[in-house]
Amino acid sequence: MTDLSLPKDFFWGFATASYQIEGAAKEDGRGPSIWDTFSHIPGKTADGGTGDVACDAYHRTNEDVALLKSSGANAYRFSISWSRVIPLGGRDDPVNEAGIAFYKNYVDKLLEAGITPFVTLFHWDLPQALHDRYLGMLDKVEFAKDFERYARLMFERLPKVKHWITLNEPWCSSVLGYNTGLFAPGRCSDRTKSDVGDSSREHLIVAHSLLLAHGAAVKAYREDFKPKDKGIIGVTLNGDWTEPWDPADPLDVEAAERKLEFAISWFADPIYFGKYPDSMRKQLGDRLPEFTPEEVALVKGSNDFYGMNHYTANYIKHVDTPAAEDDHLGNLECHFYNKAGDCIGPETQSVWLRPHPEGFRKLLIWLSKRYGTPTIYVTENGTSLKGENDLPLEKMVNDDFRAEYFRGYITAMARARAESGVDVRGYLAWSLLDNFEWAEGYETRFGVTVVDYKGGQKRYPKKSFKVIGEVFNQLIKKD
Ligand code: GBH
């Protein structure tokens with residue numbers, strides 16, 4: 001049996017995001033973000049939920065840090081609400097000191113508790129004012145400048161933070177925000193008129209802007225803030241594992257690889273190689289933006305580590321002509337069953353999520369091979385449970401399904417490290433708390449802690465909260 005143990009300095013803990021947990025949407029000078037606007041439009045979230053109150057985390061720093069400490073975790077990932085620290089978002093707009101003080105205190109409290117903060121600058125909650133001013137992420141020049149200024153402010157004001165994540169899942173901001181319209185700001189590629197000419201290109205333009213903004217923030221950090229030999233910065237990308245629908249069909253095999261490229265390499269190839277993947281260029285032609293030489297210089301080499309969010313897997317079937325609005329996928333379809341009738345994994349509450357831990361191991365290896373053994377931090381991994389929200393509290397805390405999910409996935413990660421030399425150095429489970437699950441509202445829960453929304457936002461740790469700690473305690477070497 002391989003030794004699956006993890007090194008003593010391995011980071012493990014939990015992750016959250018500002019709009020999903022903070023609430024206090026109008027308090028202490030916070031400005032609105034595109035998610036405030038979007039979640040208040042009837043029909044945009046499953047239960048009409050908004051982040052107005054969420055888990056009320058803005059008022060519960062001490063309680064939540066104590067909760068984290070009781071788990072034994074040594075790391076915690078959270079995100080900053082840009083519009084809480086710069087309510088209007090822009091580089092010439094005023095700073096909101098109350099917002100800064102909130103995050104400064106959070107960092108101090110975590111460090112006092114022996115927990116290392118991993119801080120995300122942008123987890124989708126763009127200041128609404130920037131969207132109103134110049135369409136936000138659609139304007140690559142203005143957006144990168146404003147993002148860089150915001151990033152500089154945080155680097156300066158949170159000097160104790162040594163692990164920075166620029167963007168969370170730019171794929172989601174691009175595709176869900178500008179192509180399918182399921183996420184804020186809810187723009188769709190309907191091939192009708194658009195402020196940028198052809199609306200079907202909007203997600204491609206947004207992705208390009210996000211890459212440049214990431215590059216600008218990294219450059220600023222490295223040149224002006226990074227302490228010697230300390231302090232690392234990178235982007236977090238989402239990506240599901242893929243298996244061919246028919247392993248004997250070369251077209252499906254190729255499509256499975258292409259799906260990884262359209263989801264992951266769209267962002268990672270520019271960062272590691274300075275260009276978009278050939279498969280995307282081939283399919284999208286000049287609809288896909290080109291990098292200027294200056295842009296290549298900014299983006300290429302801009303990751304100190306690879307932030308990996310991972311949840312699920314799919315069987316991939318090649319199709320010759322996808323629906324026009326599906327061209328972000330790359331001529332293919334995603335299925336939960338393959339040609340032989342095997343199912344990729346059991347149902348959860350999320351239509352897109354089927355546990356398949358073996359896919360995690362394979363994707364870690366795939367990333368490691370393609371990008372030259374980068375240091376990887378798993379910045380999210382977790383699951384919802386079918387019907388969990390309908391259970392009474394005493395049943396909700398017995399989340400065996402989630403506990404087993406974590407056991408399987410963490411073991412798969414340890415195997416990728418031990419057997420295949422993947423340089424994974426940290427793991428943050430999604431999520432510390434049940435929270436505002438975006439378009440799914442509050443009906444879908446991802447937490448290892450129940451948040452009793454009707455009972456004053458009280459927290460009740462679930463079984464998985466404890467099991468994750470046990471698994472890491474077994475795996476991490478004592479000396
Ligand atoms: C993460 O994304 C987010 O970072 C986090 O905020 C969120 O709470 C967590 O997932 C749980 O959902 O709408 O059918 O096209 C995970 C990756 C990729 C999952 C896009 C949902 C949309 C599927 N996400 N996917 S669909």
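The values are calculated or read from the model by the stated rules, or taken from the named source; none is laboratory data. Source: prediction; values computed, not measured. Note that we place each Cβ from the backbone using ideal geometry, even for glycine, and neighbour counts take in every protein chain shown. Calculation scope for accessible area: heavy atoms of the full protein, side chains included, ligands and nucleic acids excluded. Shrake-Rupley method; radii C 1.70, N 1.55, O 1.52, S 1.80 Å.
List the residues, sorted by chain then number, that are 5 or more residues from THR379 or on another chain and whose placed amide H is less than 5 Å from its amide H.
Amide H to amide H, under 5 Å and 5 or more residues apart or across chains, THR379 pairs with MET308, ASN309, LEU428.
Please state the charge dipole magnitude for the chain, taken about the Cα centre, from unit charges on C-beta atoms (+1 on K and R, -1 on D and E), reported in debye and rounded to the nearest 20. It would help to have the intermediate numbers written out before the result.
Working: 58 positive and 70 negative charges, 290 e Å.
In debye, rounded to 20, the chain gives about 1400.
So, in Å, what gap is there between the alpha-carbon centers of the range 66-86 and the range 386-429?
A separation of 20 Å, based on Cα centres.
Separation between the ASP390 and ALA297 pseudo-spin-labels, each 7 Å from Cα along Cα→Cβ, expressed in nm?
Going from the ASP390 label point to the ALA297 one covers 6.0 nm.
With a cut-off of 8 Å between alpha carbons and a minimum separation of six or more residues, what is the relative contact order of the range 296-387 in percent?
On the way: 114 pairs, mean separation 36.0, N = 92.
Once normalised by length, the contact order is 39 percent.
With the full set of protein chains in place, find how many percent of the accessible area of the chain is carbon and sulfur; take the probe as 1.4 Å.
On the way: 9390 of 17970 Å².
C and S atoms contribute 52 percent here.
Could you calculate the FRET efficiency of ARG281 with ILE365 from 1/(1 + (r/R0)^6), where r is the beta carbon distance between them and R0 is 25 Å, rounded to 0.05?
The pair ARG281/ILE365 has a calculated efficiency of 0.45.
Quick one: if the Förster radius is 35 Å, what FRET efficiency do ALA340 and ASP47 give, using the C-beta to C-beta distance and rounding to 0.05?
That pair, ALA340 with ASP47, gives E of 0.40.
Only loop residues by DSSP count here, and only those with at most 14 other Cβ atoms within 10 Å; note down the trypsin sites (Lys or Arg not before Pro) in the range 1-97 that meet that.
Counting only loop positions with at most 14 other Cβ atoms within 10 Å, the trypsin sites (Lys or Arg not before Pro) in the range 1-97 are LYS8, LYS26, ARG91.
Suppose a student asked you for the relative contact order of the range 96-178, using Cα pairs under 8 Å spaced at least 6 residues apart; what percent would you report?
Details: 48 pairs, mean separation 36.3, N = 83.
Here the relative contact order equals 44 percent.
When DSSP beta bridges are limited to those with both residues in the chain, what percentage is antiparallel, rounded to the nearest 5?
On the way: 12 of 50 bridges.
If we restrict to bridges inside the chain, about 25 percent are antiparallel.
Positive end of the charge dipole of the range 311-392 (Lys, Arg +1 and Asp, Glu -1 on Cβ, about the Cα centre): tell me which of PRO374, LEU391, GLY341 has its Cα farthest that way.
So the residue we want is PRO374.
For THR120, which sequence-distant residues (separation of 5 or more, or a different chain) have an amide H within less than 5 Å of its own amide H, given hydrogens modelled in the peptide plane?
PHE78, SER79, ILE80, ILE165
Determine the gain in length on full extension of the stretch ASP249-ASN105; use 0.36 nm per residue of separation and subtract their C-alpha separation, reporting nm with one decimal. Display every interim value, and only then the final one.
On the way: separation 144, 0.36 × 144 = 51.84 nm, distance 5.59 nm.
Taking ASP249 through ASN105 to full extension adds about 46.3 nm, to one decimal.
Just to make sure I understand: if all protein chains stay in place, what is the order of ILE41, ILE232, ILE271 by accessible area at 1.4 Å, largest first?
From most accessible down to least: ILE41, ILE232, ILE271.
Just subtract the alpha-carbon distance of ALA418 and GLU97 from 0.36 nm times their residue separation and send over the number in nm, one decimal.
Between ALA418 and GLU97, full extension yields an extra 111.0 nm.
Calculate, for the range 11-475, the solvent-accessible area per residue in square angstrom, rolling a 1.4 angstrom probe over the heavy atoms of the protein chains.
Values: 16820 Å² over 465 residues.
Averaged over the residues of the range 11-475, the accessible area is 36 Å².
Sort LEU329, LEU363 from largest to smallest accessible area, using a 1.4 Å probe on the heavy atoms of the protein chains.
So the residues, ranked largest to smallest area, are LEU329, LEU363.
Out of the trypsin sites (Lys or Arg not before Pro) in the range 360-461, which ones are loop residues according to DSSP with at most 16 other C-beta atoms within 10 Å?
In loop regions of the range 360-461 (DSSP not H, G, I, E or B), the sparsely surrounded trypsin sites (Lys or Arg not before Pro) are LYS386, LYS454.
What FRET efficiency comes out for ARG157 versus ASP9 if R0 is 25 angstrom and r is the Cβ-Cβ distance? Round to the nearest 0.05.
On the way: r = 27 Å, r/R0 = 1.07.
After rounding to 0.05, the efficiency reads 0.40.
Hey, any idea what the orientation-averaged projected area of the convex hull of the chain's Cα atoms comes to, in nm²?
Mean shadow area of the hull around the Cα atoms is 21.7 nm².
Restricting to Cα pairs below 8 Å that are 6+ residues apart, what does the relative contact order work out to for the chain? Please round to a whole percent.
Rounded, it is 18 percent for the chain.
Restricting to DSSP H runs of at least four residues, report the calculated mean residue ellipticity at 222 nm for the chain, -39500 (n - 2.57) per run over all residues, nearest 500 deg cm²/dmol.
-11000 deg cm²/dmol
Using only Cα atoms, locate the centre of the range 268-291 and the centre of the range 1-50, then give the distance between them in Å, rounded to an integer.
30 Å
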